[in-house]
Structures are given as structure tokens and as C-alpha cells.
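Just below is one structure, and these are the notes that go with it.
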Amino acid sequence: MPGKIIVTGASGAMGAAAVRALASQGKPVMMACRNLEKATRVRDEILASQRGADLEIRHLDLSSMDSVRAFAAGLEGERISALFNNAGVISRRYELTQDGLEHTFAVNYFGPVLLTRLLLSQMEPCAHLVNMVSLTCRFARLSVESLQPAPGDFSQLGTYACAKLALVHFSLELARRRSDLLLNLADPGIVNSNMISMGRWFDPLADVLFRPLCKTPEQGVRPALAALSSDTRLQYYIGKRTLALPGRYDDPILELRLWEETDRILFGEKN
Ligand SMILES: NC(=O)c1ccc[n+]([C@@H]2O[C@H](COP(=O)([O-])OP(=O)(O)OC[C@H]3O[C@@H](n4cnc5c(N)ncnc54)[C@H](OP(=O)(O)O)[C@@H]3O)[C@@H](O)[C@H]2O)c1
């Protein structure tokens, strides 16, 4: 029996498209979702056309580190062949989670980092790890202090871009520590999903003028699916291309400092 492929945010646009594609390849998938009703609807819809697909739903709220820990504890003893850190959010306003973390950073960075760290020991040799990032990363500037932004530092896209950039740097540091993992990054481009609604006055206009130009979720998730079936490491999957990670992201000193600060925040220690 092959190990499970875990897809976070499997109830969302690209998450569901990923699960559908993986199920069609006969792969066993664990759908890690915060909204179980929505996840069940997605699973039932896939099962209607792919009877017998091996799809399991488990609860995971990446904004709560207790939920991440509970999810990981529930997987004890399971073999994991791949983890697709797909879930993400663009928070509309500055808000702290129950852990005292800024919400965008909790969901896009701290949650996926903690999840990955807790599951590492159960990942099969040469397991795939794919982190969903964003082209907004290239406009972000990150320091250790950015991990816990103050209210005045917050902006919808700016904070999101920083959190995704932090995930890129985490990936680079993890790749240094775990050379056996097939760890790659996937950038979907701009995709027609809930994510691109900003909760602003111009949304209806964007729905008419902008959405039709965006990729479909099926197109957007293709780079991630390619990464999930490749034997590459630290490649940047975007569109139909596979690129070496751009040199601007290569900053081992920053990466070590981010790793240590993240450890302090998540585990109360330096590793
Ligand atoms: N759309 C784009 O243009 C674009 C561009 C670049 C990168 N991305 C990235 O692609 C990934 C997928 O986005 P999408 O476009 O498919 O958006 P989406 O349809 O909004 O899906 C986002 C998924 O993340 C889940 N999620 C949000 N907060 C969560 C939490 N606290 N705990 C667990 N899951 C949570 C959502 O759960 P619910 O179903 O419960 O809401 C949903 O399943 C994200 O990482 C996003 O940042 C998207």
C-alpha cells in the first residue's frame, strides 16, 4: 500500500482540482480541511465520477497551532508519501490568532511549517513535499521581525507576500537539513478562485474584467501536480516550466535566523 498524499485546503479551488487529478491516478489522498461540510461536498462530487477513489477527510485549521498538533498526532503510525501545503489565505484585516500570531502568517507560514516539521519523521524516503507560493513573493522584503508584523505594518497583499516569501526561505533551509526530501515550490500564476476577491469596492468590477483572464483552478494547479510526480529538488514550478530557484531567494544567513526565530515562536526554543 502506498503512503497517503496529504493535501491541505483540499476544499478550495486548486486543492479540489489537485485531489481530483490525484484520485484519477489511483492515489490515496488525505484531504486536510478546516470546513468539513465543504470538504465532504468536494469528496462526494469527486466520488460521483471516480467511484472507489481512496479519499479521506480530516480536520485541520492552520490558523490554530493546537489544531495542527492534533492533526499530526492523529496521523501517528501512518505512512506519508507526499505533503502538498496548498491551503492559503489573504486576510482582509490585521487580526491575531489564539496563538497571538498575525492571521495571514499563521495560515500561510506558521501552520504549514509546524505541520511539515511534525510530519517529517513519518514521511517515506524520497517523499514529495510541495509548497504553494506566489508571484507576489518577488515584491516582498523579509526580515526576522516580519514574522510578527505590527498592526501598522499590515497590508492585505504585502503581508501575504511576506508570508509566502517566508515559506520559500523555510523550504530552502529545510532542503539543507533534509536532502532526502523531494522538496519543490509551485507557483500557480493568477487563478480564478475565492482568493482573488479582496473584499473591496472594486471586486464586482474585477469579477467582470479580470476573472475571465485568470487561469482556471485546473490550470493553476498543474505546476504543483508536476512537482508532486517529479524526482527534482528545489525547483520552481510555474506554468509549464521548471526553473532553478531564482538566486534572489538564496540567503542562508536569513534562512537560519528565520528558522531559529520560528522555532522560538512555535516551540519556545532554538534548534
Ligand atoms: N488564486 C491565485 O491567484 C493564487 C496565486 C498564487 C498562489 N495561490 C495560492 O494557492 C493556494 C490555493 O489557493 P486557491 O486559489 O485555490 O484559493 P481558495 O479556493 O480560496 O483555497 C484556499 C484553501 O485554503 C483553505 N484555508 C484557508 N484558511 C485555512 C485555515 N485556517 N486552515 C486550513 N485551511 C485553510 C481554504 O479553506 P476553506 O475551503 O475552508 O475556505 C481553501 O480550501 C493558496 O496557498 C494560495 O495562496 C493562489
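Where a number appears in this text, it was derived from the coordinates with a stated rule and is not lab data. As the structure is a prediction and not an experimental result, all values here were calculated from the model. FYI the Cβ positions are ideal-geometry reconstructions off the backbone, even for glycines, and counts take in every protein chain you see.
The figures follow:
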item: Among residues of the range 223-257, those that are part of a strand (DSSP E or B) and either surrounded by 15 or more Cβ atoms within 10 Å (Cβ to Cβ) or aromatic (Phe, Trp, Tyr) (or both), counted; result: 5
item: Helices (runs of 4 or more DSSP H) wholly inside the range 64-177 containing at least 2 residues that are charged (D, E, K, R); result: 65-74, 156-177
item: The range 57-85, residues that are buried (at least 16 other Cβ atoms within 10 Å of the Cβ) and more than 16 Å from Val29 (Cα to Cα); result: Asp61, Leu62, Ser63, Ser64, Met65, Ser67, Val68
item: Selection within the range 176-197 - within 7 Å of the ligand (Cβ to nearest atom), among the small types (Gly, Ala, Ser) and surrounded by fewer than 16 Cβ atoms within 10 Å (Cβ to Cβ); result: Gly189
item: Scope the range 18-48; condition surrounded by fewer than 24 Cβ atoms within 10 Å (Cβ to Cβ), within 8 Å of the ligand (Cβ to nearest atom) and assigned to a helix (DSSP H, G or I); matching residues; result: Lys38
item: Top-ranked residue in the range 86-105 [being surrounded by fewer than 18 Cβ atoms within 10 Å (Cβ to Cβ) and touching a strand residue (DSSP E or B) at 6+ places or on another chain (Cβ under 8 Å); ranked as nearest to Gln122 (Cα to Cα)]; result: Leu96
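Let's see how each residue does on (1) among the β-branched types (Val, Ile, Thr); (2) more than 13 Å from Val68 (Cβ to Cβ); (3) surrounded by 20 or more Cβ atoms within 10 Å (Cβ to Cβ); (4) without any contact (Cβ under 8 Å) to a residue 24 or more places away in the chain:
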| site | (1), (2), (3), (4) |
| --- | --- |
| Val107 | yes, no, yes, no |
| Gly111 | no, no, yes, no |
| Leu120 | no, yes, no, no |
| Met123 | no, yes, yes, no |
| Leu147 | no, yes, yes, no |
